[in-house]
1. List, please: which pairs have Cβ atoms under 7 Å, are six or more places apart or on different chains, and start with a residue in segment A:271-299 that is of a type outside the set (K, R) and end with one that is in a loop (DSSP other than H, G, I, E, B) and surrounded by fewer than 14 Cβ atoms within 10 Å (Cβ to Cβ)?
2. Pick from A:E557, A:E515: which is more than 7 Å from RNA strand B (Cβ to nearest atom), over 16 Å from A:G107 (Cα atoms), acidic (D, E) and not assigned by TED's automatic domain parsing to the domain that holds A:Q254?
3. For A:L280, all conditions in the list (1) touching a strand residue (DSSP E or B) at 6+ places or on another chain (Cβ under 7 Å); (2) surrounded by fewer than 21 Cβ atoms within 10 Å (Cβ to Cβ); (3) not charged (D, E, K, R) hold save one; what is the number of the exception?
4. Could you check A:V338 against (1) surrounded by fewer than 18 Cβ atoms within 10 Å (Cβ to Cβ); (2) within 23 Å of the chain's Cα centre (by Cα); (3) within 16 Å of RNA strand B (Cβ to nearest atom) and say which number it fails?
5. Got a sec? Which of A:A397, A:A353 is closer than 25 Å to A:E248 by Cβ, surrounded by 18 or more Cβ atoms within 10 Å (Cβ to Cβ) and either in the same structural domain as A:A523 (by TED's automatic domain parsing) or within 14 Å of RNA strand B (Cβ to nearest atom) (or both)?
6. Tell me, please, whether a residue that is modelled with pLDDT under 95, within 15 Å of RNA strand B (Cβ to nearest atom), part of a helix (DSSP H, G or I) and in contact with a Gly (Cβ under 6 Å, 6 or more places away or on another chain) can be found in segment A:493-507.
7. Answer yes or no as to whether A:P302 is assigned to a loop (DSSP other than H, G, I, E, B) and surrounded by 20 or more Cβ atoms within 10 Å (Cβ to Cβ).
8. Just name the residue that is farthest from A:F351 (Cα to Cα) out of those in segment A:305-330 that are assigned to a loop (DSSP other than H, G, I, E, B) and either touching a Ser or Thr at 6+ places or on another chain (Cβ under 9 Å) or more than 8 Å from RNA strand B (Cβ to nearest atom) (or both).
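The values are calculated or read from the model by the stated rules, or taken from the named source; none is laboratory data. From a predicted model like this one, the values you see are computed outputs, not experimental measurements. All Cβ positions, glycine included, derive from the backbone under ideal geometry; neighbour counts span all protein chains shown.
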Amino acid sequence: MHLLRLVQNAVRKALAGMTDDVEPYAAMVKATQDAKHGDYQANAAMSLAKALGKNPRDVAQQIAERLDLGDWLDKPEVAGPGFINLRLRGEWLAKQLRTTARDERLGVGAAENPGVYVVDFSGPNVAKPMHVGHLRSTIIGDSLCRLLRFLGHTVVGDNHLGDWGTQFGMLLWGYKNILDKDAFAKDAVRELARVYVEVRRKTQGTEEDDKAGDPIAEASRQETAKLHAGDPENVRLWKEFMPHCLEELQPIYQRLDVRFDHQLGESFYNPMLAEVVRDLEAKGIARKSEGAVAIFYGEDAPPSLIQKRDGGFTYTTTDLATIKHRMDTWKPTALLYVVDSRQALHFSNLFDAAKRWGYNGVALEHIKFGSVLGPDGKAIKTRDGGAVELGSLLDEAFTEARKVVVAAINQSPTTDSTVAFSESEIDQIAEAVGIGAVKYADLSQNRTSDYIFRWSKMLAMNGNTGAYMQYAYARNCSILRKAGVSIERFRTDPPAIHLDSPHERALALQILRFEEALAAAVADYQPSGITTYLWDLAKTYSGFFQNCSVLKAESPELRESRLLLCDLTARVIQLCLGLLGIRTVERM
RNA sequence: GCCCCCGUAGCUCAGCUGGAUAGAGCAGCGGAUUUCUAAUCCGCCGGUCGCAGGUUCGAAUCCUGCCGGGGGUACCA
């Protein structure tokens, strides 16, 4: 039930015959900001009147009169300079809601034109611990995959691992020089992680600026070069390390509940790079310059190198090979890259090059996002200036959430705790709330802006937070449990809905806006569209809950009706959180 | 130098394909309510939407310039 589209269609029909160029005017329909202006407003009259040289209120009146109200619209009102205020009929809303209740998908239709989306996200460098830098890509990418999939598209989630980079040089040097063989035999993953951290520590400070001076950094670089040159020993070790490196990532992905369809890293494309360069040169897209091979974009724009003077390839080469492979393999309609905004120039160039290479029939999108900042507003760091590891961040999320959960349970005498919370249940709740808080805080942010990472904000029980939504869900579950009704019956033979109070009506409308919200979210690849909707739903529900007694409703019919509203609200919340990759708990 | 992004309430952020008095949470102040989970709700306070022009019936939203902050910019990825 895409309400907005429904209203737009009606307005479009009414406009037909009034102008030749209906579409832009039909698009001027939007949800009202204030309920006193109805549910939707059509704003076409003002600009149309201008174009026709007529009085805007007259034009508005004319559109209003031509509207086919059917059984679902109240008589429209013309207001102000020429706004047309539209209000949906209560009986119709009630009817739609019963249909929604019977639907697994809660009224959301499958995409009319299903596409194939390859989503490139997460992309950590293996052989070193994941850190906050990977958080946003992982969370946002996962959510977009879930959303696209739910809307009926084919989704290929691909983790483009950094598995061929300089970190392996450090690991190789470490393996050869400081490995604890017993520890490696016992727990290879752990020992390799230790070795990496140790080598990194030894070269610390020389990492960014003055690498050349450090002997270990230099030795590591040579190990990398040998690996890339095909040195049998290093290639053998690389192959031995890789499974351990992948295994090391798993606990994080498991906790985040993130899965990939493929994990084709840089190494996978390595054998294809020479051919890519040859082809681009042959087609005149790339040419030799200053000893390297480069693709140029314009007079004063810097080029991107696809082969360095020393013969090595760059990430542009790999990315081009990746595009080719993805196009050949999955024939996608869109390639989405969920990557930090700072790579905007790279992607803009990459897409330009890909199009010239012949990949025109695919949407190439850089789904960019801002940085995670510390409380000081600067890039987030640990106390000693290092990168915050994702593992410890998630541990902290659990610990912080557990404090909040325990405090809440203890101070809330009426918590639905006829059965006491066991320690393990509290752990489970804390994990769901903690991880959910991190995800929700991230996803509720406008993707493109930076945000400041704060536990107090993320775990707040008021406001637009994951915990609040999870709580709203749990509260609903509690009511339905107490009511002792059959949820099954609600979903197969739902009771009649009564929308007598404005709070009930508002809630009904908000539930039916679900599809509209998802459409808006997917249109610009913004998961925050879902959280904004959720937050509105939660506020509307809160108004309902405050003013309409459910269990003690005035009549059995009203009780049933309100219980169904509760069940629907809970289902929408659960589904939305699910699309964000956030778990719900039955009670908390 | 050139390019990109950002600048909205004390703080953190929405809103940005132009629309009716600019919204939320936190903080501050004041209330409700012995609750269907108070992990609640309501009200008040608080903004020249960085500045200056322009386009428009209408601009936080579009355009230009300036100021301030961040990022990127041929051999890392």
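1. So the pair list comes out as A:G291/A:R309; A:A292/A:R309.
2. Of A:E557, A:E515, the one residue that is more than 7 Å from RNA strand B (Cβ to nearest atom), over 16 Å from A:G107 (Cα atoms), acidic (D, E) and not assigned by TED's automatic domain parsing to the domain that holds A:Q254 is A:E557.
3. So A:L280 meets the others, but not (2).
4. All conditions are met except number (1).
5. The unique qualifying residue is A:A397.
6. Yes, because at least one residue in segment A:493-507 is modelled with pLDDT under 95, within 15 Å of RNA strand B (Cβ to nearest atom), part of a helix (DSSP H, G or I) and in contact with a Gly (Cβ under 6 Å, 6 or more places away or on another chain).
7. Spelling it out, it is not the case that A:P302 is assigned to a loop (DSSP other than H, G, I, E, B) and surrounded by 20 or more Cβ atoms within 10 Å (Cβ to Cβ).
8. Of everything passing the filter in segment A:305-330, A:G311 is farthest from A:F351 (Cα to Cα).
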